[in-house]
Amino acid sequence: MSPTRVYVTAYVDGKPIQCLLDSGCERSVISRNVVPDTKLTRTRYSLTVADKASLPILGDTNLHFEVDGNCFKANVSVSPAIDDFLLGSDWLEANGAKWDFATGTLHLGDRVIRAYRRSALTLLVRRQEEHPARKKLSDVVLAWLSVCSVAQMICIWSS
């Protein structure tokens, strides 16, 4: 499992949002918080997350957004259960994406998009802090972060 996730900064209605590029996800999804007033159409999708739990979907929409000064569109499902914007393999394939992990770039036809990495552990800590019952766990993780590298922490966390 990779300790990092790859993101681009997308602009939806002129507002920046972290956008996860996920070739392992078959459907692109965005948080309802990002598009609160967007009209939705009935969805034909039933989505599940990695642990096989159902992901609630309110509907679908055609979304226009910008990345690195380039305009894009995607048909996405809208969920109240996620925080960000996730571009899945449906969008990557439709745009002929060629992903260069070594340089951190995504080639979409003649366009080159810069991507960045964010530690998966950072996401874990943030998620833990959002749940008061898990506060002690996040305190332990944050304490370890002060003395361990991310690679060491991933090993400790998974053991």
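Accessible area, 1.4 Å probe, largest first: how do His64, His107 sort? Please report the intermediate quantities before stating the final value.
Working: His64 125, His107 65 Å².
The ordering from most to least exposed comes out as His64, His107.
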### Message
Based on C-alpha coordinates, I'd like the Rg and Dmax of segment 31-102, in Å.
### Response
13.3, 39
### Query
Tell me, in nm to one decimal, what length is gained between Thr105 and Asn75 on full extension, where the rule is 0.36 nm per residue of separation less the Cα-Cα distance?
8.5 nm
### Task
Enumerate by residue number the trypsin sites (Lys or Arg not before Pro) in segment 1-62 meeting two conditions: DSSP loop (anything except H, G, I, E, B), and at most 15 other Cβ atoms within 10 Å of the site's Cβ.
Lys39, Arg42, Arg44, Lys52
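Students sometimes get this wrong: rank Cys71, Cys25, Cys19 by accessible area, probe 1.4 Å, all chains present, largest first. Can you show the working numbers first?
Working: Cys71 100, Cys25 35, Cys19 0 Å².
Accessible-area ranking of Cys71, Cys25, Cys19, largest first: Cys71, Cys25, Cys19.
The values are calculated or read from the model by the stated rules, or taken from the named source; none is laboratory data. What you see is a predicted model; the values in this text were computed from it and never measured. Here the Cβ is made from the backbone with ideal geometry for all residues, glycine too, and neighbour counts use every protein chain on show. Each accessible area value is taken on the protein alone, full model and side chains, heavy atoms only, with ligands, DNA and RNA left out. Shrake-Rupley method; radii C 1.70, N 1.55, O 1.52, S 1.80 Å.
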